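Novice: To start, I am sharing the structure in question, which I have written as structure tokens.
The values are calculated or read from the model by the stated rules, or taken from the named source; none is laboratory data. In this text the structure is predicted, and so the values were computed from the model without any measurement. Because the Cβ atoms are built from the backbone with ideal geometry, glycine has one as well, and the counts that use them run over all protein chains shown. Ligands, DNA and RNA are excluded from the accessible area calculation, which covers all protein heavy atoms including side chains. Shrake-Rupley method; radii C 1.70, N 1.55, O 1.52, S 1.80 Å.
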Amino acid sequence: MTDGRRTQAAPAHVPHETTVAIIGAGPAGLLLARLLHQAGIDSVVLESRDRAYAEHRQRAGMLEQTTVDVLRGCGAGERMDREGLVHDGIELRFAGRAHHIDFPSLADGRRVTIYAQTEIVKDLISLHLAKLQNTSPLLFDAEVHTVDGITAGTDADSADPERGTVFSSNSTRPTVRYTYGGEERVLHCDFVVGCDGFHGVSRSALPASVARTYEREYPHSWLGVLADAPPSCDELIYAHSPRGFALHSMRSPTVSRLYLQVPNGTDPDEWPDGRIWDELDTRFALASDPDWRLNRGAITSKAVLPMRSSVTEPMQYGRLFLAGDAAHIVPPTGAKGLNLAVADVAVLADAFARHHASGDTAALETYSARRLRRVWRAEHFSYFMTTTLHTVPDQSPFDTRLQLAQLERIASSRTAAAELAENYAGLALLDSTGDGDAGPRPFS
């Protein structure tokens, strides 16, 4: 018998139509389905991979206060509240010194929670299969091939590159063609939401005449490791050093998550465990506490993570909406990827709920413009954190001194520290009008 957690509970039937077709069962797609269910809106979630793969994709683990609130609000916060690690800030290390950034005092009481994305996905899948499977099915091993009919009478030539096209009341409905259970199937729907990542079918369904993608590649990667070692700190440590960036995170009281800046194309096998620990100790070294060392343990996983930034505009075209990595990717330094995805679907679910309740389309039609303002703010913060903390090949002493000057300002100025804390702990999701652009000023 297969482990029950990995076994898909098959739906009573595979529907041919639904209100919202959701492509991708990562945290964005799963959370959207749950939020829609709370609003009385049916959906179908199509995931090309199997359940075991979806539940074991290693991803981010830092949750903004808003993300925590959204998960609690939809009933998915019980295990997070029990096992998550609540942090009041982060520590910056540079020039052999340590400086604490206190979030509650600088960011209106907000905190962050360390709880792995893999665990969020497990929680959402378990809840979905237990509560929603017969009304809003979640189908694994369901490979989507095409998304058609999303314009439903709109004029592609009149599309606003930021806003997207206004969807028509035309009776034509989008169709999603996919394979499930060895059969070719068609799902008719009112709307399609793509949560299937940068290389997914949804993003490619945007017409080339409308879509525009902005990208930046960084000249370094992260070597990420999981270690069976108790964390050596109470909160995350971000370290700038002459040898490159290092980050100390954690997954639990007994498991550490650590990262080293490495050149692009690095082979993880070039880094035996001893070398990893020695290099981490060197980059985290403190002149004020020369005896400080990491807790060491068995490294159970290691992988190299390339770093890049990407934004695709618009995030809505006709009856197709993009969320999460399908619309934007950020370097992990700012811890924004998962949190942006949660914010996307929270705003989108609210827009669908307004449409469902009254037929009002305004919130749906402005989704792209509202979210892009927040996405670009997060992109800038992530860029700032990345370029301030990492060194690049052949970096000049002048550039290094500029980085240290910026870090010194954060350490010595409450205003600069507050900007970092506000952006890191997370901006407000919606203002009183639903505009989605409230909250602290952008990082500058």
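Novice: Restricting attention to the range 74-132, report how many residues are among the β-branched types (V, I, T) and more than 22 Å from the chain's Cα centre (by Cα).
Specialist: Within the range 74-132, residues that are among the β-branched types (V, I, T) and more than 22 Å from the chain's Cα centre (by Cα) number 1.
Novice: While we're on this one: Tell me whether the range 314-324 contains one or more residues that are modelled with pLDDT of 95 or more, in contact with a strand residue (DSSP E or B) (Cβ under 9 Å, 6 or more places away or on another chain) and part of a helix (DSSP H, G or I).
Specialist: Yes, because at least one residue in the range 314-324 is modelled with pLDDT of 95 or more, in contact with a strand residue (DSSP E or B) (Cβ under 9 Å, 6 or more places away or on another chain) and part of a helix (DSSP H, G or I).
Novice: Take A335 and decide whether it is in contact with a helix residue (DSSP H, G or I) (Cβ under 8 Å, 6 or more places away or on another chain), crowded, with 23+ Cβ neighbours inside 10 Å, within 23 Å of L31 (Cα to Cα) and at pLDDT below 95.
Specialist: Criteria met by A335.
One line per residue, one yes/no per condition, for (1) over 28 Å from F352 (Cα atoms); (2) in contact with a Gly (Cβ under 9 Å, 6 or more places away or on another chain); (3) open to solvent by less than 40 Å² (accessible area, probe 1.4 Å):
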site: R51; (1), (2), (3): no, no, yes
site: M80; (1), (2), (3): no, no, yes
site: H99; (1), (2), (3): yes, no, no
site: A107; (1), (2), (3): yes, yes, yes
site: I114; (1), (2), (3): yes, yes, yes
site: K122; (1), (2), (3): no, no, yes
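Novice: If you go through the range 212-224, how many residues are buried (at least 18 other Cβ atoms within 10 Å of the Cβ) and either more than 22 Å from H380 (Cβ to Cβ) or over 21 Å from the mean Cα position of the chain (by Cα) (or both)?
Specialist: 2
Novice: Suppose we filter R57, R72 for residues that are more than 22 Å from V330 (Cβ to Cβ), open to solvent by 50 Å² or more (accessible area, probe 1.4 Å) and not hydroxyl-bearing (S, T, Y); which single one remains?
Specialist: The unique qualifying residue is R72.
Novice: Right, A303: outside any strand (DSSP E or B) and small (G, A, S) or not?
Specialist: No.
Novice: Name the residue that is farthest from L338 (Cα to Cα), counting only residues in the range 376-414 that are part of a helix (DSSP H, G or I) and acidic (D, E).
Specialist: Going through the qualifying residues, I end up with D399.
Novice: Search the range 397-433 for residues being free of Cβ contacts under 8 Å to residues at least 24 places away in the same chain and open to solvent by less than 40 Å² (accessible area, probe 1.4 Å), and hand back the single one that is nearest to P332 (Cα to Cα).
Specialist: Once the filter is applied, the top-ranked residue is A416.
Novice: Let me ask something else. Considering each residue of the range 27-76, count those that are assigned to a loop (DSSP other than H, G, I, E, B) and under 20 Å from F140 (Cα atoms), and give that number.
Specialist: The qualifying residues number 9.
Novice: Quickly run through the range 193-211 and pick out the residues that are surrounded by fewer than 21 Cβ atoms within 10 Å (Cβ to Cβ) and over 17 Å from the mean Cα position of the chain (by Cα).
Specialist: Within the range 193-211, S204, P207, A208, S209, V210, A211 meet the criteria.
Novice: Identify all residues within the range 254-275 that are touching a strand residue (DSSP E or B) at 6+ places or on another chain (Cβ under 6 Å) and loosely packed, with under 14 Cβ neighbours inside 10 Å; write none if there are none.
Specialist: The one that is touching a strand residue (DSSP E or B) at 6+ places or on another chain (Cβ under 6 Å) and loosely packed, with under 14 Cβ neighbours inside 10 Å: N264.
Novice: Something else: Against the condition open to solvent by 30 Å² or more (accessible area, probe 1.4 Å) and either assigned to a helix (DSSP H, G or I) or at pLDDT 95 or above (or both), how does T151 come out, does it pass?
Specialist: No, not satisfied.
Novice: Could I ask something else about it? Out of all the residues in the range 165-186, which are open to solvent by 60 Å² or more (accessible area, probe 1.4 Å), β-branched (V, I, T) and either within 14 Å of D148 (Cα to Cα) or modelled with pLDDT of 95 or more (or both)?
Specialist: Answer for the range 165-186, where residues must be open to solvent by 60 Å² or more (accessible area, probe 1.4 Å), β-branched (V, I, T) and either within 14 Å of D148 (Cα to Cα) or modelled with pLDDT of 95 or more (or both): just T172.
Novice: Now for a different question. Limited to the range 282-329, what total is found for residues that are open to solvent by 10 Å² or more (accessible area, probe 1.4 Å), closer than 21 Å to I23 by Cα and in contact with a helix residue (DSSP H, G or I) (Cβ under 8 Å, 6 or more places away or on another chain)?
Specialist: Summing the residues that are open to solvent by 10 Å² or more (accessible area, probe 1.4 Å), closer than 21 Å to I23 by Cα and in contact with a helix residue (DSSP H, G or I) (Cβ under 8 Å, 6 or more places away or on another chain) in the range 282-329 gives 3.
Novice: Same structure, new question: Determine which single condition A95 fails, assuming it passes every other condition in (1) of a type outside the set (S, T, Y); (2) under 26 Å from S241 (Cα atoms); (3) open to solvent by less than 60 Å² (accessible area, probe 1.4 Å).
Specialist: All conditions are met except number (3).
Condition check ((1) open to solvent by less than 20 Å² (accessible area, probe 1.4 Å); (2) at pLDDT below 95; (3) charged (D, E, K, R); (4) in contact with a helix residue (DSSP H, G or I) (Cβ under 6 Å, 6 or more places away or on another chain)) across all residues:
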site	(1), (2), (3), (4)
D228	no, no, yes, no
A239	yes, no, no, yes
R243	no, no, yes, yes
H248	yes, no, no, no
S252	no, yes, no, no
W277	yes, no, no, no
L280	yes, no, no, no
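Novice: Starting from the range 267-289, keep only residues that are assigned to a loop (DSSP other than H, G, I, E, B), then list their pairs with residues that are open to solvent by 20 Å² or more (accessible area, probe 1.4 Å) and among the β-branched types (V, I, T) whose Cβ atoms are within a distance under 8 Å, requiring at least 6 positions of separation or different chains.
Specialist: Cβ pairs passing all conditions: D267/V304.
Novice: Of the residues in the range 340-362, how many are farther than 19 Å from L71 by Cβ and open to solvent by 10 Å² or more (accessible area, probe 1.4 Å)?
Specialist: Looking only at that region, the number is 9.
Novice: Another question, then. Limited to the range 124-135, what total is found for residues that are in contact with a helix residue (DSSP H, G or I) (Cβ under 9 Å, 6 or more places away or on another chain) and either aromatic (F, W, Y) or open to solvent by less than 20 Å² (accessible area, probe 1.4 Å) (or both)?
Specialist: 4
Novice: Turning to a different aspect of this structure: Among the candidates L322, L286, L305, L280, which residue alone is more than 30 Å from A362 (Cβ to Cβ) and under 17 Å from the mean Cα position of the chain (by Cα)?
Specialist: Of L322, L286, L305, L280, the one residue that is more than 30 Å from A362 (Cβ to Cβ) and under 17 Å from the mean Cα position of the chain (by Cα) is L305.
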